[in-house]
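Here the structure comes first, spelled out in structure tokens, and everything after it is commentary.
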Amino acid sequence: MSDLPSFGLPAIFDNPRGWGPAAAQQAAAAFKDIPYMPYSKGDKVGQVANWISPADARDTRSRGRHARDYAPHTYGSNAASAFAFRADDDDEFSLVDSRGGAARRVAVRALGRPDMRGRGRGRGGMQRLGRGGMGGARGGAGGLRKRFRWRDADRAQAQRVASVRPTDAWALVQDIEFSRMAGLSFVARDARDLGRVGRAGVYDHAYDRVTARLEKPLRAAGAVRYNASASDDPVLAAAADSARVFATDSVLAALMAATVSTGAWDVVANRVGDRLYLDKRDGGPLDFPSVNENAAEPPADSGDKDAAINLAPTLASEARDVTANYIRQVTAAAAVDYAPNPFSDGAAAPDDCAYRYRLLDFSARRRVNPDDSDSDAEEELVGDRCLVAVRTEVSGLLPSGPQTHKQLFIRALTQHDIAAPGAGGALDWRQKLDAQRGAVVATEMKNNASKLARWAFQAILAGADQLRIGFVARVSPRDRTRHAILGHQSYNPSDFVSQLGLNEFNAWGILKALIDLCLRLDEGKYVIMRDPNKPLIQLYRVPPNSFEDNDSDNDDEKSDPAANA
């Protein structure tokens, strides 16, 4: 037992009046002159211990005629920064190299891999790092960061403005996140047609031969296309006994493409009795097609006078006029008349458009026999029947036989100035459209995904056989009044939705869920608005006289944003 090591208990300083040793019991005079560094448990510690003195940390390779030899600091004199936490260490740290192959190869060369081509000529890889190396102004990580745009997502994003500003009189009913809409699915049934009104033009096949090299000037047609809301539509009012929900194709398409949109928009929901009217605001965002809404840097809403023609409101007004003129020009071969257009009665100019009224069945059903997998299995109604009366647009007709026509939904994409801010990295259509049409279309799908999705859903709602998209560019980037037709592209509406990466059944499910939500509301006026800075939809209850007092004052300003640019 005597060979066992001895163990002596250290002295314990008890302080009955507080924490830690008492002042009179401070031990170890060796620690008397060591400064104490205040420390909070909530602070992050960058390093536990630092045994490198400032003298040892000096880089002896950097000594030159301008170098200085600093004397070693007294121990503890720089304690405030010795263990300081540096946030940039966490920002730069990553366990996975997410750079592309080209970035990694360039980084390896920048770090000093010798240039094999320089052998025998006295120029090795390290010699070439003079200006382009790690210490150069354009080399190293800084140059690679600029070249490959690392950490661009960390830049502050501009705050977008809502389409309409909520007031204190508004009451928030519900927030609907986009993530909750991902699993929705539904299929609307086509009950029957309510009729067609107006005049539809027949497509001119001469525009199939238009290319970027054989462009045709776009003529400014004096066409008038009214876009009345559902509450002001007399044909929809006549169907009040047959349907519970009334809307236009532009409103329903905006709701179906809600998860793709990034800009602000709003829809007014009026609950009258057991009926629901989904309206747009006159002069609101749904009256003007957006331009490069989904681009990484969309066009600015305001700016100086020199950039006025490339601002978002001006581009939206230009796109609206270009689309109307394009439809009128490519469908001027002939015309088919339907029932009289109700919007032309008493108007200063007749409505130069045809409309198709449809009754869609949004009633919920379930199979009588759940085990029956047949698509034609017997189904039973769940809850009340829900029929939606919708006004859709007939842009044009395509002859498919002696007395038959295919229905077209025609729209136009516009290109303004590819060098202007907000162009979204678009290719020059005059140079690339004929040879690299796929790249041009892919860029437009990226920059205008929301607008293209709405067009596709509008074509589906109208029952169109084809969606034809024209490519129209400015004759001069600084002139917004003259344009040229460079070509067109045709799609099947349902196939085009799939090309956009969307699910048509999910879009129907989103629309079904929003309609059911609005039908459960009390009577009154509501606003469904897209939050421009968060991926969600907000439902507000608003006073009955909202959007009525300022409509007449704002119509002139919103109808032509270019006039105020």
Can you work out which of the residues in the stretch 468-506 that are assigned to a helix (DSSP H, G or I) and farther than 26 Å from Ala354 by Cα is least open to solvent (accessible area, probe 1.4 Å)?
Asn506
List the residue pairs whose Cβ atoms are under 8 Å apart, where the first residue sits in the stretch 393-416 and is over 18 Å from Arg320 (Cβ atoms) and touching a residue at least 12 places away in the same chain (Cβ under 8 Å), the second is of a type in the set (Ser, Thr, Tyr) and open to solvent by 30 Å² or more (accessible area, probe 1.4 Å), and the two are 6 or more positions apart or on different chains.
Lys406/Ser400
Subset of the stretch 241-264 [assigned to a loop (DSSP other than H, G, I, E, B) and free of Cβ contacts under 8 Å to residues at least 60 places away in the same chain]:
Asp241
Pairs, first farther than 14 Å from Leu172 by Cβ and basic (Lys, Arg) in the stretch 527-544, second part of a loop (DSSP other than H, G, I, E, B) and open to solvent by 20 Å² or more (accessible area, probe 1.4 Å), C-beta under 9 Å, six or more apart
Arg530/Ala162; Arg530/Ser163; Arg530/Thr262; Arg530/Ala264
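Yes or no, residue by residue, for (1) open to solvent by 30 Å² or more (accessible area, probe 1.4 Å); (2) assigned to a loop (DSSP other than H, G, I, E, B); (3) among the polar types (S, T, N, Q); (4) farther than 30 Å from Asp208 by Cα:
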residue: Ser290; (1), (2), (3), (4): yes, yes, yes, no
residue: Ala295; (1), (2), (3), (4): no, yes, no, no
residue: Ala300; (1), (2), (3), (4): yes, yes, no, yes
residue: Thr314; (1), (2), (3), (4): no, no, yes, no
residue: Arg320; (1), (2), (3), (4): yes, no, no, no
The stretch 298-338, residues that are among the acidic types (Asp, Glu) and farther than 20 Å from Arg478 by Cα
Asp337
Which condition number does Arg328 fail, the rest of (1) at pLDDT below 90; (2) not in a strand (DSSP E or B) being met?
(1)
Given (1) within 30 Å of Ser400 (Cβ to Cβ); (2) open to solvent by less than 30 Å² (accessible area, probe 1.4 Å), Phe178 misses just (1)
Residues in the stretch 265-277 that are open to solvent by less than 30 Å² (accessible area, probe 1.4 Å) and either among the small types (Gly, Ala, Ser) or touching an Asp or Glu at 6+ places or on another chain (Cβ under 6 Å) (or both) total 3
Does Ile485 satisfy being in contact (Cβ under 8 Å) with a residue 40 or more places away in the chain and under 24 Å from the mean Cα position of the chain (by Cα)?
no
Boolean, Asp168 is free of Cβ contacts under 8 Å to residues at least 24 places away in the same chain, over 25 Å from Lys451 (Cα atoms) and open to solvent by 40 Å² or more (accessible area, probe 1.4 Å)
yes
Residues Val272, Val224, Val267: which one is within 27 Å of the chain's Cα centre (by Cα) and touching a residue at least 12 places away in the same chain (Cβ under 8 Å)?
Val267
Being buried (at least 18 other Cβ atoms within 10 Å of the Cβ), touching a residue at least 60 places away in the same chain (Cβ under 8 Å) and touching a Gly at 6+ places or on another chain (Cβ under 6 Å) is true for just one of Tyr207, Tyr203. Which residue is that?
Tyr203
Quickly run through the stretch 282-327 and pick out the residues that are over 18 Å from Ser163 (Cα atoms), of a type in the set (S, T, N, Q) and within 21 Å of the chain's Cα centre (by Cα).
Asn310
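The values are calculated or read from the model by the stated rules, or taken from the named source; none is laboratory data. This is a predicted model, so every value here is computed, not measured. Neighbour counts are summed over all protein chains in view; Cβ atoms, including those assigned to glycine, are modelled from backbone coordinates with ideal geometry. These accessible areas exclude ligands, DNA and RNA; they are computed on the full protein's heavy atoms, side chains included. Shrake-Rupley method; radii C 1.70, N 1.55, O 1.52, S 1.80 Å.
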